[in-house]
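Undergrad: Have a look at this one.
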Amino acid sequence: MSAAIDALALPHDLPDGVDLVAPGDARVLTHGALAFVADLHRRFDARRLDLLAARRARQARFDAGDAPDFLAETAALRAADWRVAQIPGALWDRRVEITGPVDRKMIINALNSGARVFMADFEDSTSPTWRNLLDGQANLADAVAGTITFRSLDGRDYRLRPDPAVLIVRPRGWHLPEKHVRIDGVPTSGALFDAGLYLFHNAAALHARDRGPYLYLPKLESHREAALWDEVLAHAEHALDLPVGTIKVTVLIETLPAVFEMDEILHALRTRVVGLNCGRWDYIFSYIKTFRAQRTHVLPERGQVGMGAAFLKAYSELLIRTCHRRGAFAMGGMAAQIPISGDAAANEAAMARVRADKQREAGAGHDGTWIAHPGLLPIALEAFDAAMPGSNQLERLREDVVVARDDLLLAPPGTITRAGFEANVDVCLRYLAAWLDGLGCVPIHHLMEDAATAEISRAQLWQWLHHEGLRLDDGTPIDLALFEHVLTGAAARLPASGLPGQDRLAEATAMLDAFTRADELADFLTLAAYERLA
């Protein structure tokens, strides 16, 4: 593959039982690649659907008043002495990782950024239009080959520098379908499609250079979901003639149920897992979703729910202790800030928050961290270089950390301001409009918003409006009248032109209204919005 896709057409040679419901690209969707994805689908998709049904059953128990807890049936595994497999040298130092969508220019800039790792994201920061997905696969294949180039409209050329960052790819989560590919009459899994195509086209080249392939696994809710990934990747290794354990993974702990199964998740993937990551924005969203029916777990506005909150501090430190005990890395969370031009004081205040956050992570014992913008790289590097002179902090076992179930569940105190309520509405509208227009990573209010951060705003609105008696800090009742007033007033608050997805704002407004008024909190905004993507 020598360039991103210029035109789409239906491949002429499709494997039996495979149908494309939109034009594809024969360079990405080769007969062999589609046959490989179809094989994964036929072997593993029924298990995936069963695990999604188990999620729904577990949520019903939470809605009835139950709460997550450490599993009694795996207590012996948690007490036992075992470690994960050896971590490859290419991943031994991960002190700063940069993340972003699979856009061609973004890939080049991220790989050239000076970060140790680039996490190329098919999930929260990519709107899964068919064009975005196929372009992304072509772009990654060119990046792996070292041939990726890009010329901007102003004539500037972009190409890879020597010794680029290590590439890790995040496929979509188990919950997301891929509607454009039907296998034996049913849509396949977005996760199997993304991972399958990437591995088929690039695994051999990456293995030959001792660069993986490496994946980030998102949105897991249980060790059984991790075990399914292990089986998928073991089969992929066999089918692609790779040695056992070649495909290495890092797992995002970004759901509340998963934090109670971290040992079990590491054990299920022990021959290939190299670490866990604090996916804190999705984790806050998951906390709201898990306790959507329980008035005692209503969170204050998003800006007040920082990592200093007791339940988030416990989550972060338990992850470090669990990982280091097992010989796995404990990666810190995302800094979503972006540099603020034209306002030196505001920029310094924002960068000071980033600095404090990264110093906290490094001081606690994390082995690395995430940033969303290359402008944050010097700050993150300085924090980790000062606290972590070696390649990682695996020797810091954090045996002082003792976390009980309730430490992970207690909602922090705080308030809901009018500005916070309005900000949640505006973020949802702007992000949804951009996402529907094909952009999954959008700068809003000097933060790089993706699906995870937008989900917090959406879920908070629903939570605040479906529990009676909540008020803004000025005494105003939080009810549907307030929501309607703020929603209809958005047109006056938002710019009249120039926003990503400006033409989709009316559609986004209708969707947010429906999401918020619904009797049940929708699992993911991206599931409903996906049906509206061209």
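No value in this document is a laboratory result; all are computed from the given coordinates. It should be emphasised that the depicted structure is a prediction, and the values quoted were computed from it without experimental measurement. Please note: Cβ atoms are built from the backbone with ideal geometry, for glycine as well, and neighbour counts cover all protein chains shown.
Undergrad: What order do you get for 300-306, 324-330 when each peptide is scored by the mean count of other beta carbon atoms within 10 Å, highest first?
TA: Values: 300-306: 18.1, 324-330: 22.7.
Peptide ranking by packing, descending: 324-330, 300-306.
Undergrad: Here's another thing I want to ask about it. Would you mind checking which residues have amide H under 5 Å from SER189's amide H? H placed 1.01 Å from N; only 5 or more apart, or other chain.
TA: GLU178
Undergrad: In vacuo Debye scattering of the chain, one point per C-alpha: log10 I(q)/I(0) at q = 0.05, 0.07, 0.13 Å⁻¹?
TA: Each listed q corresponds, in turn, to -0.18, -0.37, -1.44.
Undergrad: Rounding to the nearest 20 debye, state how big the charge dipole of the stretch 415-530 is about its Cα centre with +1 on each Lys and Arg Cβ and -1 on each Asp and Glu Cβ. Before the final figure, lay out the partial values.
TA: Values: 7 positive and 17 negative charges, 51 e Å.
Roughly 240 debye, rounded to the nearest 20.
Undergrad: What is the dipole size for the stretch 337-494, taken about its Cα centre, with +1 at each Lys and Arg Cβ and -1 at each Asp and Glu Cβ, in debye to the nearest 20?
TA: Working: 12 positive and 23 negative charges, 28 e Å.
The calculated dipole for the stretch 337-494 is roughly 140 debye.
Undergrad: What does the convex hull of the alpha-carbon atoms of the stretch 134-290 project to on average, in nm²?
TA: Details: hull surface 45.9 nm².
Here the figure is 11.5 nm², rounded to one decimal.
Undergrad: Between ASP241 and ALA506, what FRET efficiency follows from the Cβ-Cβ distance if R0 is 45 Å, with the result rounded to 0.05? Don't skip to the answer; put the middle values down first.
TA: Working: r = 52 Å, r/R0 = 1.15.
Calculated value: 0.30.
Undergrad: Still on this structure: Going down the list LYS105/LYS358; LYS179/LYS289; LYS179/LYS358; LYS105/LYS179, which pairs span over 30 Å between their C-alpha atoms? Walk me through the intermediate numbers first.
TA: Values: LYS105/LYS358 27 Å; LYS179/LYS289 25 Å; LYS179/LYS358 39 Å; LYS105/LYS179 27 Å.
Cα-Cα > 30 Å for LYS179/LYS358; rest within.
Undergrad: Please compute the modelled spin-label separation between ASP474 and ALA346, points set 7 Å along Cα→Cβ, answer in nm with one decimal.
TA: Calculated label separation equals 2.1 nm.
Undergrad: Hey, with R₀ at 25 Å, roughly what FRET efficiency would ASP16 and LEU49 work out to, going by the Cβ-Cβ distance, to 0.05? Intermediate results must be reported in sequence, preceding the final value.
TA: Numbers: r = 22 Å, r/R0 = 0.88.
The calculated FRET efficiency here is 0.70.
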